[in-house]
Amino acid sequence: MTTFAGRETAAPASADGFIALDERWSTHNYHPLPVVIAEAEGARVTDVDGKSYLDFLSGYSALNFGHRHPALIAAAVEQLGRVTLTSRAFHHDQLGLFCRELAELTGTEMVLPMNSGAEAVESAVKVARKWAHQVKGVPDGTAEIIVAGSNFHGRTTTIVSFSTDETARAGFGPFTPGFVTVPYGDAEALRAAITPRTAAVLLEPVQGEAGVVVPPHGYFADVRSACDEHGVLLIADEIQSGLARTGTVLALDHEGVRADVYTLGKALGGGILPVSAVVGSRAVLGVLQPGEHGSTFGGNPVACAVGRAVVRLLNTGEYQQRSAELGAHLHERLTGLIGHGLAEVRGRGLWAGIDIAPGGPSGRAASEALAGLGVLCKETHENTLRVAPPLVISREDLDLGIDAIAKVIQP
Ligand SMILES: *Cc1c(COP(=O)(O)O)cnc(C)c1O
């Protein structure tokens, strides 16, 4: 045992030891599977005992390009050898290039770089309010934002203020006012909720956390029309759905609809560090003036260098194509399991929410059984599993994972 000033400093000798350390010293705001990961590459991770697993979660889409993609690691390492942080008090030689390349990729005009996804959503909320007060003429302090039931936009006080998940809210009030909730997928309800004070509508193009819920055909076109008729901004939260997960750069591209503002995150950091951004039109993002918003780490040189490498990968189109092709195969095979342990399959591209049929295992039990078979997946809600392998996964590995799912969902 190594000690320093009488304190235990040795690393545990077993997986149980690491889990016990987490239990003792980290807050209990997660309930992880009992797997302790030590190494990872591509679509696979290895635990501290040397057991290999297929990653079927991809860090909730933060690992769209797999673990330690060589081009992303190279970009990070190169930048680590030059300059890592300047603060926004000064310019650096990566920020403008990152913003231009990301804007061109997403067909937008301006980029507000932040770090976590929740910060991007917070920033979009602030910008929409400012725009409503300054440009639309909504009396100051009265702007409203319409959101959908079962949304997931992050964990800050303001964001949980408009969550409909009691576990995410209970005990955390008082909440931020100014949000109106309507059912997801119901354009008429949304239209009816618009008032002269409505600044924006904030929606996920596909609701990931809710179980990979794809809206009815034509929903976003109707939402876009309603927004246009009433001078309301459409904000698409693409933090989980964007950057090739569904087979396109933006999931909203499937709907043939453009948003005024998009929030991006997760995969934008290449699975290396948190990088998020609000991207959109100059007419909206242009309302921010010096001193009105900011972030010490937002747009830092390493984040920008990695973000630029992510954009370069997306510019090849390869990952969008992989998602579309492997996704078609995934959905065909999963749909074949309906009536054989599955009740429902939803999703788009290499991304699926699957409901285990009544009489089968709980989502948690299925995740634990899958881990035993060497596949890492996570339940969302009682009986739903979210399947989101890295887009670099081989077809053979994808089939191995689906075989394991077919096995564990049997009643
Ligand atoms: C994950 C997620 C967020 C929050 O991102 P964090 O980086 O965890 O703060 C926001 N919106 C959506 C749709 C997400 O999936």
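We did not get these values from a lab; they are worked out from the coordinates using the rules stated. From a predicted model like this one, the values you see are computed outputs, not experimental measurements. Because the Cβ atoms are built from the backbone with ideal geometry, glycine has one as well, and the counts that use them run over all protein chains shown.
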In the chain, with Lys and Arg counted as +1 and Asp and Glu as -1 at Cβ, which of these residues, 19, 295, 377, has the Cα nearest the positive end of the dipole, that is, farthest along it?
-> 295
Scan around residue 181 for amide H atoms under 5 Å from its own, H built in the peptide plane at 1.01 Å from N, and keep only partners 5 or more places away or cross-chain.
-> 147
In the chain, how does Rg compare with the Kirkwood Rh, expressed as the Rg/Rh ratio over alpha carbon atoms?
-> 0.97
In whole angstrom, and with the biggest value first, how far do the Cα coordinates of the range 317-406 range along each principal axis?
-> 41, 24, 20
How long is the gain from residue 104 to residue 142 if the chain were fully straight, where each residue apart is worth 0.36 nm and the alpha carbon distance is subtracted?
-> 10.3 nm
Identify all lysines with a Cα-Cα distance to residue 407 below 27 Å; exclude those on the same chain that are fewer than 8 residues away in sequence.
-> 51, 378
Under a point-charge model restricted to the Cβ atoms of Lys and Arg (+1) and Asp and Glu (-1), what is the dipole moment magnitude of the range 49-160 relative to its Cα centre, in debye to the nearest 20?
-> 180
Between residue 325 and residue 86, what FRET efficiency comes out of the Förster formula 1/(1 + (r/R0)^6) with R0 = 45 Å and r the beta carbon distance, rounded to 0.05?
-> 0.65
For the range 282-411, size of Cβ-based charge dipole, Lys and Arg +1, Asp and Glu -1, in debye | 400
The range 165-306: relative contact order as a whole-number percent, Cα under 8 Å and 6+ apart | 16
The range 41-170: relative contact order as a whole-number percent, Cα under 8 Å and 6+ apart = 13
For the chain, averaging the sequence separation of alpha carbon pairs under 8 Å that lie six or more residues apart and dividing by its residue count, the contact order in percent is 22
Assigned charges on the beta-carbon of Lys, Arg, Asp, Glu; the chain dipole about Cα centre (debye) = 740
80, 268 arranged by Cβ crowding within 10 Å, fewest neighbours leading = 80, 268
Quote to one decimal, in nm, the extra length available between residue 400 and residue 175 on full extension: 0.36 nm per residue of separation minus the C-alpha distance between them.
-> 76.5 nm
What full-extension length gain, to one decimal in nm, is calculated for residue 157 and residue 382 as 0.36 nm per residue of separation minus the Cα-Cα distance?
-> 78.5 nm
Work from the charge dipole of the range 70-313 (Cβ charges, +1 for Lys and Arg, -1 for Asp and Glu, about the Cα centre) and give the residue of 80, 250, 284 farthest towards its positive end.
-> 80
Hydrodynamic radius (Kirkwood) for the range 70-313, which is based on Cα pairs only, to one decimal in Å = 18.2
Can you put 86, 167 in order, fewest other beta carbons within 10 Å first?
-> 167, 86
Which of the listed residues, 353, 125, 398, is farthest toward the dipole's positive end in the chain, when Lys, Arg count +1 and Asp, Glu count -1 at the beta-carbon?
-> 125
DSSP-defined beta bridges in the range 70-313 - what % are antiparallel, rounded to 5 = 40
